[in-house]
Amino acid sequence: MRLKALIFDVDGTLAETEELHRRAFNETFAELELSREWPDPCGGWQWSVATYGRLLKTTGGKERIAAYLTNDLAIDAVAFSQRVAEIHARKTQRFAALISSGGLDLRPGIARLMQLARQNGLAMAVATTTSGPNVDALCRACFGKSASDVFNVVAAGDDVATKKPAPDVYLLALERLGLDAGTCIALEDSSNGVRAAKSAGLRCIASPSLYSANDDLSAADEIVAEFYAAEPLITRWLPA
Ligand code: XBP
Ligand code: MG
């Protein structure tokens, strides 16, 4: 293998963002008084850690909100998806505000892997389910730069028809990099992410995050407790 690029997932891989996402969802639900609009039989519009852990099986914030609602709503499908998109847009604004208020660190080992990539002329890409503005907010918070100044390529959830575990976002990242899957390594934290990377034909190194601690990551080529341990694995595949 002649390694040319590292492709990073964002949520749970670059940083432990899911608690900020959960908070942004909950603050948005409260602000918009969704419990009046859609009285919810499943436990209300405040997602607990346990509820959110279950809902994370549905990738994508809009899809997650829609999955939480029952199908028998007295609202037509177009109006429903428009309303979900409005709610999610507000959540995205809140997430950006929360992330910019500070306190979010990269996961251990991520900065080192990025340095390794730069030192060895590897391209760096993002392949994520989250939306482009969230990648930018994270990059400004963690690197003080825009996403396009940190990564050669960003492929985000709304750029593709089908989110992870479908391979689409990884295939888009490869297309934008102009590289074959055989020359890249994906870094992931979740079962859905590993399935997406492997379906795209990529090698994948996985490290469980707070919310994916019980995920089955066995489809990954390597599983590491933290991304520090990925450095010697990646070094093996560096061009001579
Ligand atoms: C992460 C996600 C995202 C975030 C929320 O999955 O599923 O939906 O939880 O972001 P992965 P949005 O790390 O596998 O890409 O609300 O912007 O969708
Ligand atoms: Mg992830």
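We did not get these values from a lab; they are worked out from the coordinates using the rules stated. Fair warning: this is a prediction, and the values are worked out from it, not measured in the lab. Positions of Cβ are generated from backbone atoms using ideal geometry, with glycine treated the same way; all protein chains shown enter the neighbour counts.
Under a Gaussian network description of the chain, with springs only between Cα atoms under 10 Å, the residue in 53, 182, 103 that fluctuates furthest is 103. On full extension, the segment bounded by residue 162 and residue 89 gains 24.4 nm, given 0.36 nm per residue less the C-alpha separation. When the chain is treated as a Gaussian network with alpha carbon springs shorter than 10 Å, the biggest mean-square fluctuation among 26, 134, 192 belongs to 26.
Note on the chain: with a GNM built from Cα contacts shorter than 10 Å, the maximum mean-square fluctuation among 213, 125, 50 falls on 50.
Label separation (residue 199 vs residue 152): 2.6 nm, computed from points 7 Å beyond Cα along the C-beta direction. For the chain, the longest principal axis of the alpha carbon atoms and the long axis of helix 132-143 meet at an angle near 60°. For trypsin sites (Lys or Arg not before Pro), the sites in the stretch 141-240 that DSSP calls loop and that have at most 16 other Cβ atoms within 10 Å are 145. With R₀ set to 41 Å, the beta-carbon distance separating residue 120 from residue 80 gives a calculated FRET efficiency near 0.30. Taking amide hydrogens as modeled 1.01 Å from N in the peptide plane, which residues meet the under 5 Å criterion relative to residue 154, leaving out close sequence neighbours? Residues meeting the amide H criterion: 126.
Using only side-chain charges placed at the Cβ, +1 for Lys and Arg and -1 for Asp and Glu, the dipole size of the stretch 117-184 relative to its Cα centre rounds to 220 debye. Per-residue extension of 0.36 nm, minus the Cα-Cα distance of residue 222 and residue 180, leaves a gain of 13.1 nm for this segment.
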